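Worksheet: one structure, shown below.
The values are calculated or read from the model by the stated rules, or taken from the named source; none is laboratory data. Model, not experiment: these values are computed from the prediction. Reconstructed Cβ throughout: ideal geometry from the backbone, glycine too, with neighbour counts over all protein chains shown. Surface accessibility is based on the protein's heavy atoms, side chains included, excluding ligands, DNA and RNA. Shrake-Rupley method; radii C 1.70, N 1.55, O 1.52, S 1.80 Å.
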Amino acid sequence: MADQTVSASNPLCLSFSGSGFLSLYQIGAVKALLELAPELLKLAPKVYGASAGSLVAAAVVFNVDLDELRNIICDAASEARKSILGPFLPSFNLLTILRKAMKDFLPDNAAQLATGRLHVALTRLSDGKTILVSDFKSKDEVIQALICSCFVPFYCGMVPPSYRGVRYIDGGFTNFQPLYDLQSMITISPYTGEIDICPRDCPVSHLCFEICNTSFQLSVQNLSRVSYALFPPSSYILDEFYWQGYEDAIVYLRTNGKYNIHHEDPSTITFVSKFKEPKR
(Lines give C-alpha, C1' and ligand atoms only; values in the text may rest on other atoms or scores of the structure.)
Protein backbone atom coordinates (compact mmCIF):
# COMPACT_ATOMS: atom_id res chain seq x y z
CA MET A 1 0.00 0.00 0.00
CA ALA A 2 1.02 3.64 -0.31
CA ASP A 3 2.35 4.54 3.13
CA GLN A 4 4.14 1.74 4.96
CA THR A 5 5.98 3.79 7.60
CA VAL A 6 5.15 2.54 11.08
CA SER A 7 5.25 4.62 14.23
CA ALA A 8 3.04 5.30 17.21
CA SER A 9 1.79 8.42 15.41
CA ASN A 10 1.34 6.66 12.07
CA PRO A 11 0.16 3.08 12.74
CA LEU A 12 -0.96 0.73 9.99
CA CYS A 13 -4.32 -0.99 9.84
CA LEU A 14 -4.54 -4.69 8.97
CA SER A 15 -6.81 -6.47 6.49
CA PHE A 16 -7.29 -10.24 6.30
CA SER A 17 -8.94 -11.63 3.19
CA GLY A 18 -11.31 -14.54 2.95
CA SER A 19 -9.28 -17.71 3.24
CA GLY A 20 -11.26 -20.77 4.31
CA PHE A 21 -8.97 -23.50 5.61
CA LEU A 22 -6.03 -21.50 4.22
CA SER A 23 -6.51 -19.14 7.15
CA LEU A 24 -3.56 -21.19 8.43
CA TYR A 25 -1.41 -19.13 6.06
CA GLN A 26 -2.63 -15.94 7.73
CA ILE A 27 -2.10 -17.41 11.20
CA GLY A 28 1.49 -18.18 10.23
CA ALA A 29 1.96 -14.61 8.99
CA VAL A 30 0.56 -13.17 12.23
CA LYS A 31 2.83 -15.47 14.23
CA ALA A 32 5.87 -14.02 12.44
CA LEU A 33 4.66 -10.44 12.95
CA LEU A 34 4.01 -11.12 16.62
CA GLU A 35 7.51 -12.47 17.16
CA LEU A 36 9.50 -10.11 14.95
CA ALA A 37 7.49 -6.88 14.80
CA PRO A 38 4.80 -7.01 17.50
CA GLU A 39 4.25 -3.25 17.28
CA LEU A 40 2.55 -3.75 13.92
CA LEU A 41 -0.16 -5.77 15.65
CA LYS A 42 -0.35 -3.82 18.89
CA LEU A 43 -0.53 -0.39 17.23
CA ALA A 44 -2.99 -1.33 14.47
CA PRO A 45 -5.96 0.98 15.15
CA LYS A 46 -8.33 -1.08 13.00
CA VAL A 47 -8.23 -4.75 12.03
CA TYR A 48 -10.45 -5.88 9.16
CA GLY A 49 -11.44 -9.40 8.18
CA ALA A 50 -13.73 -11.23 5.78
CA SER A 51 -14.94 -14.81 6.00
CA ALA A 52 -12.31 -17.00 7.73
CA GLY A 53 -9.99 -14.00 7.65
CA SER A 54 -12.28 -12.39 10.21
CA LEU A 55 -11.32 -15.14 12.67
CA VAL A 56 -7.65 -14.24 12.27
CA ALA A 57 -8.51 -10.55 12.62
CA ALA A 58 -10.33 -11.39 15.86
CA ALA A 59 -7.27 -13.34 17.05
CA VAL A 60 -5.17 -10.19 16.59
CA VAL A 61 -7.63 -7.94 18.40
CA PHE A 62 -8.11 -10.34 21.31
CA ASN A 63 -4.48 -11.47 21.41
CA VAL A 64 -5.54 -15.10 21.54
CA ASP A 65 -3.20 -18.08 21.51
CA LEU A 66 -2.35 -18.52 17.82
CA ASP A 67 -1.30 -22.12 18.36
CA GLU A 68 -4.73 -22.84 19.81
CA LEU A 69 -6.44 -21.24 16.82
CA ARG A 70 -4.16 -23.21 14.52
CA ASN A 71 -5.18 -26.43 16.27
CA ILE A 72 -8.87 -25.58 15.91
CA ILE A 73 -8.56 -25.09 12.15
CA CYS A 74 -6.45 -28.23 11.76
CA ASP A 75 -8.93 -30.28 13.80
CA ALA A 76 -11.81 -29.04 11.65
CA ALA A 77 -9.84 -29.92 8.51
CA SER A 78 -9.19 -33.41 9.85
CA GLU A 79 -12.90 -33.90 10.48
CA ALA A 80 -13.72 -32.69 6.97
CA ARG A 81 -11.31 -35.21 5.45
CA LYS A 82 -12.84 -38.22 7.18
CA SER A 83 -15.41 -38.84 4.46
CA ILE A 84 -15.44 -38.74 0.69
CA LEU A 85 -18.18 -36.12 1.04
CA GLY A 86 -15.77 -33.91 2.93
CA PRO A 87 -17.40 -30.76 4.35
CA PHE A 88 -20.74 -31.83 2.84
CA LEU A 89 -21.02 -34.80 5.20
CA PRO A 90 -24.30 -34.22 7.12
CA SER A 91 -22.63 -34.84 10.49
CA PHE A 92 -19.94 -32.21 9.78
CA ASN A 93 -20.91 -28.66 10.73
CA LEU A 94 -18.08 -26.17 10.45
CA LEU A 95 -20.01 -23.31 12.03
CA THR A 96 -20.85 -25.41 15.09
CA ILE A 97 -17.15 -26.17 15.51
CA LEU A 98 -16.22 -22.51 15.17
CA ARG A 99 -18.96 -21.28 17.48
CA LYS A 100 -17.91 -23.68 20.26
CA ALA A 101 -14.25 -22.72 19.82
CA MET A 102 -14.99 -19.00 19.97
CA LYS A 103 -17.03 -19.36 23.14
CA ASP A 104 -13.95 -20.92 24.70
CA PHE A 105 -11.12 -18.67 23.52
CA LEU A 106 -12.76 -15.25 23.14
CA PRO A 107 -12.50 -13.17 26.33
CA ASP A 108 -15.59 -12.19 28.30
CA ASN A 109 -14.97 -8.52 27.49
CA ALA A 110 -14.75 -9.25 23.75
CA ALA A 111 -17.38 -6.61 22.91
CA GLN A 112 -15.44 -3.82 24.60
CA LEU A 113 -12.15 -4.86 22.99
CA ALA A 114 -13.69 -5.30 19.53
CA THR A 115 -15.88 -2.21 19.26
CA GLY A 116 -14.24 0.32 17.00
CA ARG A 117 -11.19 -1.87 16.33
CA LEU A 118 -12.43 -5.17 14.87
CA HIS A 119 -14.27 -4.69 11.58
CA VAL A 120 -16.06 -7.77 10.24
CA ALA A 121 -17.20 -7.88 6.62
CA LEU A 122 -20.70 -9.27 6.01
CA THR A 123 -22.89 -9.59 2.91
CA ARG A 124 -26.52 -8.68 3.59
CA LEU A 125 -28.75 -11.38 2.17
CA SER A 126 -31.68 -9.14 1.26
CA ASP A 127 -29.81 -6.89 -1.18
CA GLY A 128 -26.28 -8.30 -1.49
CA LYS A 129 -24.79 -5.15 0.04
CA THR A 130 -21.47 -5.34 1.85
CA ILE A 131 -21.58 -4.31 5.51
CA LEU A 132 -18.70 -3.70 7.91
CA VAL A 133 -19.70 -4.40 11.52
CA SER A 134 -17.60 -2.80 14.25
CA ASP A 135 -20.06 -2.09 17.06
CA PHE A 136 -20.79 -4.90 19.51
CA LYS A 137 -22.85 -5.03 22.67
CA SER A 138 -21.86 -8.49 23.93
CA LYS A 139 -19.50 -11.40 23.39
CA ASP A 140 -22.34 -13.29 21.73
CA GLU A 141 -22.74 -10.48 19.18
CA VAL A 142 -19.05 -10.70 18.32
CA ILE A 143 -19.37 -14.45 17.80
CA GLN A 144 -22.53 -14.07 15.73
CA ALA A 145 -20.93 -11.47 13.45
CA LEU A 146 -17.97 -13.79 12.85
CA ILE A 147 -20.31 -16.71 12.15
CA CYS A 148 -22.27 -14.62 9.64
CA SER A 149 -19.06 -13.59 7.88
CA CYS A 150 -18.03 -17.26 7.49
CA PHE A 151 -21.37 -18.57 6.22
CA VAL A 152 -21.13 -19.98 2.70
CA PRO A 153 -24.62 -21.02 1.47
CA PHE A 154 -25.04 -24.78 0.97
CA TYR A 155 -21.46 -25.37 2.10
CA CYS A 156 -22.27 -24.31 5.69
CA GLY A 157 -26.01 -24.95 5.61
CA MET A 158 -29.25 -23.82 4.04
CA VAL A 159 -30.45 -21.13 6.45
CA PRO A 160 -28.17 -18.08 6.76
CA PRO A 161 -27.44 -16.89 10.30
CA SER A 162 -28.50 -13.47 11.50
CA TYR A 163 -26.93 -10.52 13.29
CA ARG A 164 -29.31 -8.23 15.16
CA GLY A 165 -32.25 -9.74 13.33
CA VAL A 166 -30.84 -9.37 9.82
CA ARG A 167 -29.59 -12.35 7.82
CA TYR A 168 -26.12 -12.27 6.32
CA ILE A 169 -23.84 -14.55 4.32
CA ASP A 170 -20.09 -14.75 3.75
CA GLY A 171 -18.51 -11.30 3.72
CA GLY A 172 -15.99 -12.45 1.13
CA PHE A 173 -18.67 -12.58 -1.56
CA THR A 174 -18.72 -8.78 -1.80
CA ASN A 175 -15.69 -7.62 0.19
CA PHE A 176 -13.02 -10.30 -0.04
CA GLN A 177 -10.21 -8.00 1.17
CA PRO A 178 -11.83 -5.30 3.31
CA LEU A 179 -10.64 -1.78 2.47
CA TYR A 180 -8.17 -3.19 -0.06
CA ASP A 181 -7.43 0.30 -1.44
CA LEU A 182 -7.10 2.04 1.92
CA GLN A 183 -3.88 3.99 2.51
CA SER A 184 -1.70 2.87 5.44
CA MET A 185 -2.96 -0.69 5.32
CA ILE A 186 -1.20 -4.07 5.46
CA THR A 187 -3.14 -6.64 3.45
CA ILE A 188 -2.67 -10.37 4.12
CA SER A 189 -4.03 -13.11 1.86
CA PRO A 190 -3.19 -16.74 1.02
CA TYR A 191 -3.80 -15.91 -2.66
CA THR A 192 -1.22 -14.37 -4.97
CA GLY A 193 -2.06 -10.86 -6.11
CA GLU A 194 -1.12 -7.24 -5.50
CA ILE A 195 -1.20 -7.88 -1.75
CA ASP A 196 1.39 -6.94 0.88
CA ILE A 197 1.78 -10.40 2.41
CA CYS A 198 0.85 -13.25 0.09
CA PRO A 199 2.46 -16.13 -1.82
CA ARG A 200 4.50 -15.13 -4.86
CA ASP A 201 3.89 -17.45 -7.79
CA CYS A 202 6.05 -17.91 -10.87
CA PRO A 203 6.50 -14.48 -12.54
CA VAL A 204 5.59 -16.06 -15.88
CA SER A 205 1.97 -15.42 -14.97
CA HIS A 206 1.34 -11.69 -14.64
CA LEU A 207 -2.38 -11.67 -15.23
CA CYS A 208 -3.93 -10.02 -12.19
CA PHE A 209 -7.46 -8.75 -12.00
CA GLU A 210 -9.61 -7.16 -9.32
CA ILE A 211 -12.64 -9.06 -8.11
CA CYS A 212 -14.78 -8.65 -4.98
CA ASN A 213 -12.48 -5.88 -3.76
CA THR A 214 -9.23 -7.81 -4.01
CA SER A 215 -6.38 -8.50 -6.41
CA PHE A 216 -6.15 -12.06 -7.75
CA GLN A 217 -3.46 -13.47 -10.02
CA LEU A 218 -4.72 -15.97 -12.54
CA SER A 219 -2.39 -18.93 -12.04
CA VAL A 220 -2.64 -22.68 -11.59
CA GLN A 221 -1.35 -22.31 -8.04
CA ASN A 222 -4.02 -19.79 -7.12
CA LEU A 223 -6.80 -21.94 -8.55
CA SER A 224 -5.49 -24.85 -6.47
CA ARG A 225 -5.60 -22.63 -3.39
CA VAL A 226 -9.27 -21.89 -4.01
CA SER A 227 -9.94 -25.63 -3.93
CA TYR A 228 -7.83 -26.10 -0.79
CA ALA A 229 -9.70 -23.31 1.00
CA LEU A 230 -12.98 -25.22 0.71
CA PHE A 231 -11.75 -28.81 0.62
CA PRO A 232 -8.78 -29.10 2.98
CA PRO A 233 -5.75 -31.03 1.71
CA SER A 234 -3.55 -33.23 3.90
CA SER A 235 -2.25 -31.93 7.21
CA TYR A 236 1.23 -31.86 5.68
CA ILE A 237 0.14 -29.43 2.95
CA LEU A 238 -1.74 -27.27 5.46
CA ASP A 239 1.40 -27.11 7.61
CA GLU A 240 3.29 -25.92 4.54
CA PHE A 241 0.81 -23.09 4.09
CA TYR A 242 1.26 -22.11 7.74
CA TRP A 243 5.04 -21.90 7.39
CA GLN A 244 4.77 -20.17 4.01
CA GLY A 245 2.71 -17.46 5.71
CA TYR A 246 5.42 -17.17 8.35
CA GLU A 247 8.16 -16.85 5.74
CA ASP A 248 6.22 -14.42 3.54
CA ALA A 249 5.67 -12.15 6.53
CA ILE A 250 9.43 -12.14 7.13
CA VAL A 251 9.98 -11.20 3.48
CA TYR A 252 7.53 -8.33 3.91
CA LEU A 253 9.31 -7.09 7.04
CA ARG A 254 12.70 -7.22 5.35
CA THR A 255 11.49 -5.58 2.15
CA ASN A 256 9.93 -2.70 4.05
CA GLY A 257 12.79 -2.28 6.52
CA LYS A 258 10.68 -3.12 9.54
CA TYR A 259 12.94 -5.82 10.92
CA ASN A 260 16.58 -6.74 10.36
CA ILE A 261 16.67 -10.40 9.41
CA HIS A 262 20.27 -11.62 9.38
CA HIS A 263 19.76 -14.06 6.51
CA GLU A 264 20.50 -12.78 3.02
CA ASP A 265 18.03 -15.20 1.48
CA PRO A 266 14.70 -15.76 3.29
CA SER A 267 14.48 -19.21 1.72
CA THR A 268 17.54 -20.28 3.74
CA ILE A 269 15.85 -19.60 7.07
CA THR A 270 15.64 -22.78 9.12
CA PHE A 271 12.77 -22.90 11.57
CA VAL A 272 13.33 -24.78 14.80
CA SER A 273 10.43 -26.68 16.30
CA LYS A 274 9.55 -24.10 18.94
CA PHE A 275 5.81 -24.12 18.32
CA LYS A 276 3.63 -27.00 19.34
CA GLU A 277 2.50 -28.98 16.36
CA PRO A 278 -1.24 -29.00 15.58
CA LYS A 279 -3.19 -31.94 16.83
CA ARG A 280 -3.97 -34.61 14.27
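Against the definition (under 12 Å from S51 (Cβ atoms) and outside any loop (DSSP other than H, G, I, E, B)), how does C148 come out, yes or no?
yes
For segment 31-55, which residues satisfy the criterion of being closer than 20 Å to L182 by Cα, aliphatic (A, V, I, L, M) and open to solvent by less than 10 Å² (accessible area, probe 1.4 Å)?
L40, A44, V47, A50
Tally time: how many residues in segment 123-142 are touching a Lys or Arg at 6+ places or on another chain (Cβ under 6 Å) and either without any contact (Cβ under 8 Å) to a residue 40 or more places away in the chain or closer than 27 Å to D108 by Cβ (or both)?
Number of matching residues: 1.
Take the residues in segment 103-118 that are more than 20 Å from the chain's Cα centre (by Cα) and not in a helix (DSSP H, G or I); name whichever of them is nearest to K42 (Cα to Cα).
Per the criteria, the residue is N109.
For segment 80-102, how many residues are open to solvent by less than 80 Å² (accessible area, probe 1.4 Å) and either farther than 28 Å from D140 by Cβ or part of a loop (DSSP other than H, G, I, E, B) (or both)?
5
Looking at D265, D248, which one is at pLDDT 95 or above and farther than 19 Å from G86 by Cβ?
Residue meeting the stated conditions: D248.
Would you check if T214 is without any contact (Cβ under 8 Å) to a residue 60 or more places away in the chain and of a type in the set (S, T, Y)?
Spelling it out, it is not the case that T214 is without any contact (Cβ under 8 Å) to a residue 60 or more places away in the chain and of a type in the set (S, T, Y).
Tally up the residues in segment 115-142 that are open to solvent by 20 Å² or more (accessible area, probe 1.4 Å) and of a type in the set (V, I, T), please.
Qualifying residue count, segment 115-142: 3.
Please determine, by comparing only the residues of segment 182-197 that are part of a strand (DSSP E or B) and in contact with an Asp or Glu (Cβ under 6 Å, 6 or more places away or on another chain), which one is farthest from S227 (Cα to Cα).
Ranking the candidates gives I186 first.
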